[in-house]
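What follows is a short report on a single structure.
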Amino acid sequence: MNQLFANPDFAAFRLSEEHHELRAAVRALCEKHIAPHAADVDENSRFPEEARAALTAAGFHAVHVPEQYGGEGADGLAACLVIEEVARVCVSSSLIPAVNKLGSMPVLLSASEELKQQVLPTLATGQALFAYGLSEREAGSDAVAMKTRARLDGDHWVLNGAKAWISNSGVATWYTVFAVTEPGQGAAGISAFVVNAGDPGFEVGAKERKLGIKGSPTCELYFTDCTIPADRIVGEPGTGFKTAMRTFDHTRPTIGAQAVGIAQGAFDAARAYVKERTQFGRRIAEFQGVQFLLADLAMKIEAARSLVYLAAAKVERGEPDQTFFASSAKCFASDVAMQVTTDAVQLFGGAGYTRDFPVERMMRDAKITQIYEGTNQIQRMVMARALLNR
Ligand code: COS
């Protein structure tokens, strides 16, 4: 039987006292240390070092890392809360916890204990950032079509090929990279590896010039006889693609959280503005057209937030419908973020179209959430497959 919707559990998530405290602590940190730099980070397309330092000092840069590797051992909901709150003020900065989780999740899910011990403590201390290398120029949505090869040569793996659109590349120390080890085997011929920025034959390309999230460097990765120790394979050969997909179950809700944060940030700015802005002798918040728009935006943000938290809770518990919920949360919340940020610019009028206010940046930043970690078209495909039990 299709397990989806067979037993809807609407009490499936609840924020604990600790979650509420975490949100308050992250929000305070963001207001003080991250928000003041957000416009400058965007304007100069620079990595948000202030955010990295503040998040690391407070232990918020990678809360998902288990305690046995020196981390906080926080659950998936907590990771979402951190990402949501950072994204509310600076989306570029929210990629620090988000990409740290994306890059390291394959290791947590599938790596040997030795490899975990090798790489996770440096992530937990904040000494190292993690990145995730799946996409290639000709293998974006169709990830199985990747061409990057890895072959075993004695006690080393040798990688050749290139990855594209890799978030936080250049600033990361560890890269989880997917490569073909058994050509012709499709998904079953793909394996995952952890590459260190200093490994011979590894190079990071030029920074992409992007519409948004300008503070998070996005580059290509090049592997030219890149040689890594044999024990840096993540799990068994041929299991890499499944690990990549299982990773997305854990991280697509975090993109949903990022989207909710952006939407909330834009909504807060717009609400404050319409209460101040006067036209036709009245504050524009007094016009019913504006009131109805605000009500719609708030309603959609809350719906997105609920779906994101529910998805995170389901994934945490490993429920059978987790893939559907992870995709739906990412897809719904990112569509909401795009709509809310666009309408927020509208509520600001001409002022919203300038860089004097944060909403145009938020609108540009929101767009990527509909694209990365699987386009929303791919999310709909994943959901439909789950619904049809395929
Ligand atoms: N958990 C566990 N296993 C999964 C899984 C999941 N969530 N999703 C897929 N798999 C398994 C499948 O069960 C299949 O294994 P079997 O053949 O043993 O059954 C294997 O992985 C291959 O999956 P599938 O046959 O569905 O592969 P497809 O090529 O048809 O499509 C999509 C997979 C399109 C869903 C995948 O390529 C995808 O998510 N693409 C988007 C990639 C992406 O998000 N890129 C963003 C880059 S990171 S910013």
For segment 130-144 and segment 274-331, write down the distance between their C-alpha centroids in whole Å. 30
Check the straight Cα-Cα distances from Lys207 and name the aspartates and glutamates below 12 Å, setting aside those fewer than 8 residues away within the same chain. Glu220
Sum -39500 (n - 2.57) across every DSSP H segment of at least 4 residues in the chain, then divide by the residue count to get the 222 nm mean residue ellipticity, nearest 500. -16500 deg cm²/dmol
For the chain, what's the relative contact order in percent, using C-alpha pairs closer than 8 Å and at least 6 residues apart? 17
Output wanted: per-residue J couplings in Hz (rounded whole) for segment 282-291, from phi through Karplus 6.51 cos²θ - 1.76 cosθ + 1.60, θ = phi - 60°, x for Gly and Pro. 9, 5, 5, 5, 7, 7, 5, x, 6, 4
Gly133 long-range amide H proximity, modeled H, under 5 Å: Thr176, Val177, Phe178
Sequence order, segment 177-184: Karplus ³J(HN,Hα) from phi using 6.51 cos²θ - 1.76 cosθ + 1.60, θ = phi - 60°, Hz rounded, Gly and Pro as x, gives 10, 9, 8, 7, 10, 10, x, x
Bin all alpha-carbon pair distances of the chain at 10 Å intervals from 0 and give each bin's fraction as a whole percent. 5, 24, 33, 25, 10, 3, 1, 0
Kirkwood Rh (inverse of mean 1/r, distinct Cα pairs), segment 222-265, angstrom: 13.4
extent check for segment 8-128: Cα max minus min per principal axis, descending, whole Å, gives 42, 38, 24
Cut-off 10 angstrom, C-alpha nodes, Gaussian network model of the chain. Which of Asn100, Asn168, Asn44 fluctuates the most? Asn44
Kirkwood hydrodynamic radius of segment 135-272, Cα pairs, Å: 16.3
Across bins of 5 angstrom width beginning at 0, how are the C-alpha pair distances of segment 241-388 distributed, in whole percent? 2, 11, 19, 19, 16, 11, 9, 6, 4, 2, 1, 0, 0
Would you kindly derive the ³J(HN,Hα) couplings of segment 161-174 from the backbone phi angles with the Karplus curve 6.51 cos²θ - 1.76 cosθ + 1.60 (θ = phi - 60°), listing them in order in whole Hz, with x for Gly and Pro? x, 8, 10, 10, 6, 8, 5, 6, 6, x, 8, 7, 9, 10
For the chain, percent of DSSP beta bridges that are antiparallel (nearest 5) comes out at 85
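Just so you know, all these numbers are worked out from the coordinates, no wet-lab data involved. Note that this is a predicted model, so its numbers are computed, not measured.
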